[in-house]
Structures are given as structure tokens and as C-alpha cells.
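The block underneath contains the structure these notes are about, expressed in C-alpha cells.
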Amino acid sequence: MSDAPAALDVHAEAEFELQNAEGAIWTATRLLIGIVTFAWSAVAFAYFYLRAVDPAQLWRPHGTTPPVLLGTLVALGVVGGALINAYAAPRLRRGETADWIFATSVTVGLGLLAAGLQVWQLTRLSFFPGVSGYTSVFIGFAGLNIAFILGGTYWVETLLARAIRLRPALAAEGGPGLSTLPAAREFRASLEGCTYFWWYMAIISVLFWFLFYVL
Amino acid sequence: MQQSVLTALLGSAIGYLVGHWLGNLIASGYPVVQSSGYNNVAIVLGLCFGVVGWMVGIGTMNYPLAKLVGREPVPESPTEGWTRFFKMTLDHKVVGMQYIVGVLMFFFTGGLFAMAIRTELLSPTTHYWGPDTYLQLVSEHGTIMMMMATSLVVGPFGNFLVPLMIGSRKMAFPRVEAASFWIFMSGFLVILAALPLGGFNTGWTGYAPLQTEAKQGMDCYLVGFAVIGTGMILNGFNQIVTIVNYRAPGMRWTRLPIFVWSMLATSFLLTLATPVFFGAVYFGALDRTVQTAFFVDAHGGSSFLWENLFWFFGHPEVYIMALPGFGIVAEMLPVFTRKPLFAYKVGAAGMFGVALLSFFVWQHHLFQSGINPDMRPLFMLTTELISIPTGFIYLVGMGTLWKARIRYTVPMLFCLALYFNFLIGGVTGVYLSDVPVNVTVHGSFFVMAHFHYTIMGGLVFAFFGGVYYWMPKMTGHMLNDRLGKIHFWFMFVFFNFTFFPLFIVGLLGMPRRVFEYAPRLAHLNDFSSISSFVLGASFLIFVANFVWSIWIDPKPAPQNPWDSKGLEWQVPTPIPYDNFKRIPIVLADPYHYGEPDALPVADLGGELGLASVGAAGPSAAAGAGTSRTGAGDGQSRIVGGGPDE
């Protein structure tokens with residue numbers, strides 16, 4: 001009994017539930033990355049499996065590389081979004097909300113641009129999707145990439161919209177980056193998760209850029 | 001217009017029409033569409049838009065769209081009445097009960113297909129269905145049942161019970177929880193839509209190249225599994241986050257109910273294995289729509305790629321189906337034996353051992369194809385290894401039963417049946433892991449009987465045990481005991497009569513998915529078929545019991561009819577919207593039956609304070625635990641304690 005936790009009063013209950021919510025966002029973000037990693041692993045497995053097995057000697061016939069410049073711009077868009085996001089998040093925590101809003105708007109723009117360029121790249125292919133294992137895997141990659149880039153962009157856009165909406169209410173407390181109100185704390189937890197997710201997407205973008213355009 | 005299942009149906013119809021129109025607009029000029037007459041793009045887009053329309057119609061997209069403009073979530077007001085079961089709700093208890101109805105719809109539909117299969121097998125040569133129809137029935141049956149089984153326990157009981165058992169007022173993400181259910185139900189519509197589209201004849205495994213060549217019903221299989229898979233991921237994701245973060249103070253990992261451990265282990269499998277399968281069905285859909293060649297050997301793909309991706313998910317899925325069943329029975333055994341759960345930590349470790357090892361065995365499904373023969377011993381070994389943690393879990397049950405004074409209630413009968421059935425299913429599984437036996441009986445009814453013994457004999461029996469056990473807390477009414485026992489005995493006897501002969505016909509060489517067989521096997525098949533009809537009828541007894549006990553002759557259930565120490569039984573019935581008026585302080589695990597000095601399980605009231613429990617000593621606290629004074633707020637103060645034996 002000596003190590004039994006103390007009973008909670010009403011205020012402590014509210015704080016306990018708020019901590020639960022913050023912890024839930026932390027766990028959810030890491031778990032989301034695990035889920036997405038396993039989804040990407042299906043693409044990576046297909047890539048290496050078909051490349052290794054290559055039953056019809058059709059892994060990658062000549063002239064089946066998708067437009068490299070567009071592919072590179074897509075990856076750069078995601079990496080740029082992650083970098084700007086990572087640069088802006090500490091500024092928000094220092095109370096520089098306007099800076100963060102501007103930088104995050106750029107991240108949203110880069111995310112939309114990257115997804116748009118990925119779609120455009122699919123319209124500029126010089127090969128038929130089913131001519132080889134490589135082209136098939138590329139088409140599969142591109143579809144998933146669009147979905148995850150849009151998902152990441154959606155997340156950061158909702159944070160942006162939330163910050164703009166919360167800003168007047170939290171101004172007296174230093175804005176969403178400094179306020180101790182529950183809404184601000186949950187916002188920061190979500191922002192931390194979102195930043196983490198964008199870093200992850202940047203790593204994925206670079207890895208698949210290497211697989212499809214360099215290797 | 002208030003959003004409900006009607007608006008969801010309307011949304012799905014509109015979505016399907018829009019998607020189909022779009023698909024025709026995009027692809028009707030494709031040479032492959034013009035030459036075959038089939039436009040898979042239109043079907044796939046129709047189904048995808050239909051699912052989106054369903055989700056918009058039910059209301060799951062309201063909040064994600066509101067977030068785009070920075071809106072805060074609107075708190076839900078508690079609602080009463082039966083109409084709440086036909087709407088999106090944030091109450092985990094309602095979602096759990098919605099899931100019960102949902103999985104039963106899957107189960108009874110799949111069961112009808114099963115009886116259609118057994119009807120065909122009544123005679124080796126006289127046919128009720130054509131060969132194509134037979135294969136479509138087998139495929140629909142297998143797919144619907146597998147879809148159902150992935151959520152059979154995690155959906156209903158996971159959502160209903162986990163917050164109550166860990167002392168939480170809610171799931172971590174209630175909207176995700178609601179979305180997981182409604183997307184699960186859209187999968188039901190999608191897979192049934194395969195029938196008017198010509199069905200699919202690949203079985204539930206969907207192997208390529210048959211998959212690539214199949215009729216448009218195959219699109220429903222691919223989209224259906226993607227949709228169900230999304231629901232599985234969402235559900236597992238939410239369970240993990242809830243269990244990790246929303247445990248009440250004092251609910252240490254070593255006090256977590258064993259059922260919650262099983263949910264946690266299963267949820268890791270759901271969230272990590274399913275995305276790979278999602279990728280596989282996505283590739284399959286691309287092969288059939290935009291003409292990629294993932295699974296087309298002649299164009300640089302490989303049909304074995306499907307087998308690998310499918311079974312990387314498919315074998316963990318076996319444990320997605322098995323572990324929750326063990327969680328349920330391990331939770332109930334101490335209650336009906338009045339003994340502590342034997343080797344609790346071993347049981348929890350066994351569940352995670354099974355979950356971990358299940359990722360390393362998938363190649364045993366490829367012993368006959370697509371694997372270097374030199375690799376067989378490795379995967380034979382990993383498969384045999386998994387029997388060790390499975391044995392731990394089994395022995396936890398046996399140890400709890402050892403020298404117990406068992407109360408043979410209806411839920412307990414289902415528990416005991418699981419151990420009987422799973423022993424047969426498990427031992428035959430060990431045989432099947434060995435390459436020589438596997439090669440001999442591959443693709444036969446022996447394999448089919450084996451997995452029915454593990455999944456139906458294990459999971460489905462546990463599910464019904466759970467329904468009888470927790471229904472008083474869910475509905476406030478006891479299910480009729482006599483009808484329950486009749487249901488149990490019919491189900492148990494005729495389950496064994498149906499499936500045990502199939503081991504023999506399998507060993508005698510009868511292959512699966514073939515609608516003709518050797519005349520010498522007719523007697524055993526007839527026996528199995530007739531037994532299956534009685535087995536099917538036994539579920540009508542359950543339905544009759546449910547209707548009788550809930551609507552015709554409802555008998556109010558006591559708050560804790562089984563005298564359980566579980567936290568979920570300490571809250572009043574009906575359970576308040578927020579479960580606990582005050583966040584409970586957990587003092588002990590809920591398995592200290594027959595221990596005179598056992599601590600109470602939890603302090604639900606808060607006002608008495610833990611200091612008073614400590615000062616008065618465990619015995620005084622235990623005494624308070626049995627009094628259940630209610631103390632004005634409808635919830636007892638110190639609960640689940642005391643020398644009850």
C-alpha cells in the first residue's frame with residue numbers, strides 16, 4: 001500500500017487527463033510512423049524482390065526512367081518542408097507566432113507543390129506502367145507518395161488553421177507556443193508529432209529517390 | 001438532415017455512381033477495356049468513392065473537414081434510445097455494441113455461404129451449384145469470415161471493455177474509434193457487391209495470377225480488404241494508444257487485466273502487419289486498373305510477390321484471431337474457478353512471444369511454392385518455435401483450472417470448449433509446420449479442418465463465451481441460462497461433428513476448393529454436411545435467446561452477476577456515459593480470488609482516500625470492498641476486494 005498513488009482531486013484529474021491526451025499524441029505519432037513504415041516496406045520489398053527475382057529479365061529495360069528532375073523536385077519539396085517546419089517550431093516556442101505561421105504556410109505550399117509535381121510526373125512518363133517490374137513499383141510508389149505527402153500537408157495545415165484561430169484567445173499568455181492552457185498544450189504536442197512525421201517523410205523521400213533515380 | 005446509417009447508404013450510392021462515371025470517363029477508351037468489355041477502373045473508383053460517400057454520410061468526415069479551418073471538436077452529448085446504434089457516436093460502449101451487431105452480420109452471412117458449400121458437398125457427383133458458383137461461394141465465405149474474425153473480439157470487446165478495465169473514461173481517439181467501425185461495415189457492403197459483379201474464384205487468399213485474370217468481383221475483394229484493413233489499423237492504433245496512455249493511476253503493467261494484454265499484443269499485429277497487406281491489395285488493384293505488372297511474371301513481376309506480401313500479413317493474422325480468444329478465456333477462468341490466474345506474467349509474455357514470432361513464419365505457407373527448398377528447415381523451426389509461447393498461454397489456462405471448484409456457467413462452458421477445440425487445432429498445427437506432413441496434406445481438407453478448429457473452435461467459442469459473460473453489463477439483462485446451455489451443447493457437439501471428419505477426408509486425399517470428390521468419401525462428407533446444418537441452426541438458438549432475454553422476457557441483471565473482481569463490473573449498470581464519476585485509483589490486479597488478505601482492486605470514489613485504506617489495513621479495506629455501499633454517486637467506493645470464498 002505504501003506505493004499506492006494518491007487519490008486525485010478534481011483539478012488533478014483534469015491535469016491527469018490532459019497529460020494522458022498529450023501522451024496519446026506522442027504515442028500516436030510514433031505508432032503512425034511505424035504503420036507508415038510497414039506500408040512503405042511493402043513497396044521496398046516489391047522493389048528488391050522483383051529486382052532480385054526478375055523472372056523475365058525485365059526489371060528495368062532501357063528508357064524506363066521517370067523524369068528525374070521532377071522526381072528530384074518532389075523529394076526536395078518534402079525535405080524543404082521538413083526543414084522549414086523544424087526551423088519554425090522552436091520559434092513558436094519562443095513566442096514568435098507570426099514567424100511560425102509564415103514558415104508553416106510555406107511548408108503547406110511545399111507539400112502541395114510536391115504532391116502536385118508527383119501527379120504531374122505521372123503524366124509525363126515515357127513508358128507504359130506494366131512494361132517492367134521497375135515501372136510497376138514506381139507507379140505504386142508514386143501513388144503512395146502522393147497520399148502520404150497530402151496526409152502530412154493536411155496535418156500541418158490543420159495546425160496552421162488552429163494556431164490562427166487560437167491566436168487571439170492565447171495572445172495574453174504569449175500565444176500557442178507559450179500558453180499553459182490545455183488547448184495550447186495539446187496544440188504543441190501535435191506540432192511536435194507533426195514535425196517528427198515530416199522529418200520521417202523527408203528520410204523516406206530521400207531513400208526512394210536514391211532507389212528510383214540513382215541505384 | 002441528421003446523419004445516420006440512411007445518409008451513409010445514400011452517400012455510398014451517390015459516391016459509387018460518381019466514381020463509376022469518373023472511371024468510365026477516364027478508362028472507357030483504353031484498349032484493354034474495349035477488348036475485354038470490363039472496366040475495372042470504373043469498378044474500383046466506384047467502390048472507393050462509395051466508401052468515401054458512406055463515411056461522409058455517417059458523419060466521420062465532419063471533424064477532419066472542420067479541422068481544416070481550425071475548429072475545435074464539439075463535445076458529444078450523451079444520447080439514449082436505440083437510434084444511437086445507427087449513428088456515429090463517440091461513446092466507446094455504443095461502438096462496442098455496434099461492433100457486436102456488425103460482426104454477427106458478417107458471421108451469419110459467411111455462415112450461410114458455409115452451409116451452401118456443405119450442401120454442394122452432400123453428394124460427390126450430383127451438383128446443386130456449378131463449379132464457378134461453388135468457387136465463388138467458397139471465396140465469399142472465406143473472405144467474409146476472415147474479415148469478420150480480424151475484428152471479432154478487438155472490435156466489440158476491445159472497444160467496450162478496454163477503457164473500463166484500465167480505468168479510463170474514454171478511448172484515446174473516439175472519432176478514430178467510430179471511424180474504424182463504420183469503415184469496417186462499409187467493407188461488408190463492398191465484399192457483398194462482388195456477387196452481382198460475378199464473384200471471384202481465388203478463395204480468400206486471392207492468389208495471382210488468378211487474381212489478375214479474375215472477373216470484376218475481384219475488385220471488390222481488393223478494395224474490400226483495403227477498406228477492412230484500414231479499419232483494422234485504426235482500431236489497433238487506438239487500442240495501443242489508449243492502453244499505453246489512459247491507464248488509471250495505479251494500473252501498472254503488472255496489474256493490467258490479461259484480456260487487455262491480449263488486446264495490446266493483437267493490436268501491435270493489427271497495426272504492423274496490416275499495412276503490408278494494404279500494400280499488396282493496392283498493388284493488385286493497380287495491376288487490374290492501370291495495368292502495372294506487380295504480379296505478372298511475363299512482364300517483370302512475380303506471382304510469388306503476392307504470396308510473400310499476403311502471408312507476411314496472413315500468418316500474423318492467424319494470431320490476430322487466436323490471441324483475443326485466449327484473452328477472453330483467461331479473463332473469465334479466475335472468475336469461474338475462484339482462483340487467481342495461474343502464471344499471469346507468463347501468459348502476458350506468451351502473448352507477446354506469439355505476436356513477435358508470428359512475423360517470422362510466413363514462408364511456411366510457401367513450402368510448396370516460391371521458396372528455396374534449403375530455406376524450409378528454417379521456417380519449419382520458427383513455426384515450431386511459436387508453439388512454445390502458445391503452450392505458455394494454454395498452460396496458464398490449465399494451471400488455473402487445476403484443482404479448481406469450477407462453476408459450470410454458460411460462459412465457462414464456452415471457455416472449456418475453447419481449450420478442447422484448440423488442443424486439436426493446435427496439435428494438428430504442429431504437424432502442419434513440419435515440411436513432410438505439410439507437403440503431404442497441402443491444399444487438402446486436413447488443413448481446412450485444422451484452421452477451423454483454431455479459429456472457429458477457438459476464437460468464435462471465446463466470442464460467444466464473452467457475449468454471455470459481458471452481456472449483463474452491456475445491456476443490463478442476463479441471457480437465459482437454459483437456452484444458453486442448449487446453444488452451447490448444440491454448437492460444441494455439432495462443431496466437432498462437422499469438422500473432425502474433415503481431418504479424415506483430408507488425409508484420405510480430398511482437396512479443398514474442388515466441388516467433386518471420390519464417392520468413397522461420401523459418407524463422411526454427408527455426416528459433416530448434416531452436422532453443419534445443425535451447427536448453423538444452433539446459432540438460431542442464440543438469436544432466440546437474445547431476443548427472448550432482451551425484449552420478450554427481460555430480467556434485470558445485477559451489477560456484478562458473476563461476482564467478478566474486474567474493474568468493469570464495479571461500475572453501475574447501465575454504465576454512465578463517462579464510465580467513472582472519479583478517476584479510479586487501482587490498488588491490485590483483479591485476480592486475487594480466494595485470498596483472504598487480498599487488497600481491494602480499486603478506489604472508485606476518491607473521497608475515502610487511499611490513506612484511510614492504508615491506515616485501516618488491507619483487511620478493513622477488503623471488508624469495505626464487499627459492502628458496495630454505493631455512497632450516493634452510484635459507484636461503490638472500494639471495490640473488488642475481500643475474502644469472497
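The values are calculated or read from the model by the stated rules, or taken from the named source; none is laboratory data. Since the structure is predicted, the reported quantities are computational estimates derived from the model, not experimental observations. FYI the Cβ positions are ideal-geometry reconstructions off the backbone, even for glycines, and counts take in every protein chain you see.
Quick look at the numbers
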| read-out | value |
| --- | --- |
| Candidates A:THR27, A:THR104, A:THR72 - the one that is β-branched (Val, Ile, Thr) and closer than 22 Å to A:LEU215 by Cβ | A:THR72 |
| Failed criterion for A:ILE101 (all others in (1) assigned to a helix (DSSP H, G or I); (2) in contact (Cβ under 8 Å) with a residue 60 or more places away in the chain; (3) within 14 Å of chain B (Cβ to nearest Cβ); (4) under 22 Å from B:ALA285 (Cα atoms) hold) | (4) |
| Verdict on B:VAL534 being free of Cβ contacts under 8 Å to residues at least 12 places away in the same chain and either polar (S, T, N, Q) or out of contact with any strand residue (DSSP E or B) (no Cβ under 8 Å at 6 or more places or on another chain) (or both) | no |
| Enumeration of residues in region B:67-84 that are within 13 Å of chain A (Cβ to nearest Cβ), without any contact (Cβ under 8 Å) to a residue 60 or more places away in the chain and either among the small types (Gly, Ala, Ser) or within 18 Å of B:ALA178 (Cβ to Cβ) (or both) | B:LYS67, B:GLY70, B:ARG71, B:GLU72 |
| Residue in region A:173-196 that is surrounded by the most Cβ atoms within 10 Å (Cβ to Cβ), counting only those that are away from every other protein chain (no Cβ under 14 Å) and more than 21 Å from A:GLU15 (Cβ to Cβ) | A:GLY175 |
| Matching residues in region A:1-20 - criterion: being at the interface with another protein chain (Cβ under 8 Å from one of its Cβ atoms) and either of a type in the set (Val, Ile, Thr) or within 22 Å of the chain's Cα centre (by Cα) (or both) | none |
| Residue match in region B:253-276 (condition: in contact with a strand residue (DSSP E or B) (Cβ under 7 Å, 6 or more places away or on another chain) and modelled with pLDDT of 95 or more) | yes |
| B:PHE188 surrounded by 24 or more Cβ atoms within 10 Å (Cβ to Cβ), under 19 Å from the mean Cα position of the chain (by Cα) and assigned to a helix (DSSP H, G or I) | no |
| Tally, over region A:65-96, of residues that are modelled with pLDDT of 95 or more and within 15 Å of the chain's Cα centre (by Cα) | 11 |
| Test: residue in region B:197-207 that is assigned to a helix (DSSP H, G or I) and farther than 16 Å from B:VAL223 by Cβ | no |
| Matching residues, region B:549-570, being of a type in the set (Ser, Thr, Tyr) and not in a loop (DSSP other than H, G, I, E, B) | B:SER549 |
| Residues of region B:80-139 satisfying the condition of being in a helix (DSSP H, G or I) and of a type in the set (S, T, N, Q) | B:THR83, B:GLN98, B:THR109, B:THR119, B:THR133, B:GLN136, B:SER139 |
| Number of the exception - A:ASP99 against (1) surrounded by fewer than 20 Cβ atoms within 10 Å (Cβ to Cβ); (2) more than 30 Å from B:LEU305 (Cβ to Cβ); (3) under 12 Å from the mean Cα position of the chain (by Cα) | (3) |
| Filter pass, B:VAL427 being free of Cβ contacts under 8 Å to residues at least 12 places away in the same chain, more than 23 Å from B:TRP470 (Cα to Cα), among the β-branched types (Val, Ile, Thr) and assigned by TED's automatic domain parsing to the domain that holds B:PHE310 | yes |
| Number of positions in region B:278-290 that are more than 8 Å from chain A (Cβ to nearest Cβ) and farther than 14 Å from B:TYR30 by Cβ | 3 |
| Matching helices (runs of 4 or more DSSP H) fully within region B:380-477 where at least 3 residues are within 18 Å of the chain's Cα centre (by Cα) | B:410-433, B:445-454, B:461-475 |
| Residues of region B:502-517 satisfying the condition of being small (Gly, Ala, Ser) and modelled with pLDDT of 95 or more | B:GLY506 |
| Residue in region A:106-113 that is closer than 14 Å to A:LEU159 by Cα and among the aliphatic types (A, V, I, L, M) present | yes |
| Top-ranked residue of region B:291-340 - restricted to ones that are β-branched (Val, Ile, Thr) and part of a loop (DSSP other than H, G, I, E, B), ranked as farthest from the other protein chains (Cβ to nearest Cβ) | B:VAL296 |
| Residues of region B:478-509 classified as within 18 Å of B:TYR431 (Cβ to Cβ) and not in a loop (DSSP other than H, G, I, E, B), total | 9 |
| Search result, residues across region A:106-160 that are within 14 Å of another protein chain (Cβ to nearest Cβ), polar (S, T, N, Q) and within 15 Å of the chain's Cα centre (by Cα) | A:ASN145, A:THR153, A:THR158 |
| Total residues in region A:76-98, condition more than 21 Å from A:PHE148 (Cβ to Cβ) and either without any contact (Cβ under 8 Å) to a residue 12 or more places away in the chain or in contact with a Gly (Cβ under 9 Å, 6 or more places away or on another chain) (or both) | 9 |
| Residues (in a helix (DSSP H, G or I) and either touching a strand residue (DSSP E or B) at 6+ places or on another chain (Cβ under 8 Å) or in contact (Cβ under 8 Å) with a residue 24 or more places away in the chain (or both)) located in region A:49-75 | A:LEU50, A:ARG51, A:VAL68, A:LEU70, A:GLY71, A:THR72, A:LEU73, A:VAL74, A:ALA75 |
| Those residues of region B:153-183 which are touching a Leu at 6+ places or on another chain (Cβ under 8 Å) and of a type outside the set (D, E, K, R), in sequence order | B:VAL153, B:VAL154, B:LEU164, B:MET165, B:ILE166, B:GLY167, B:PRO174, B:VAL176, B:ALA178, B:ALA179, B:SER180, B:ILE183 |
| In region A:161-190, residue nearest to the chain's Cα centre (by Cα) [restricted to those that are closer than 22 Å to A:LEU32 by Cβ and charged (D, E, K, R)] | A:ARG188 |
| Residue identified as assigned by TED's automatic domain parsing to the domain that holds B:GLY327, closer than 23 Å to B:VAL190 by Cβ, in contact with a Gly (Cβ under 9 Å, 6 or more places away or on another chain) and of a type in the set (Gly, Ala, Ser) among B:GLY142, B:GLY167 | B:GLY142 |
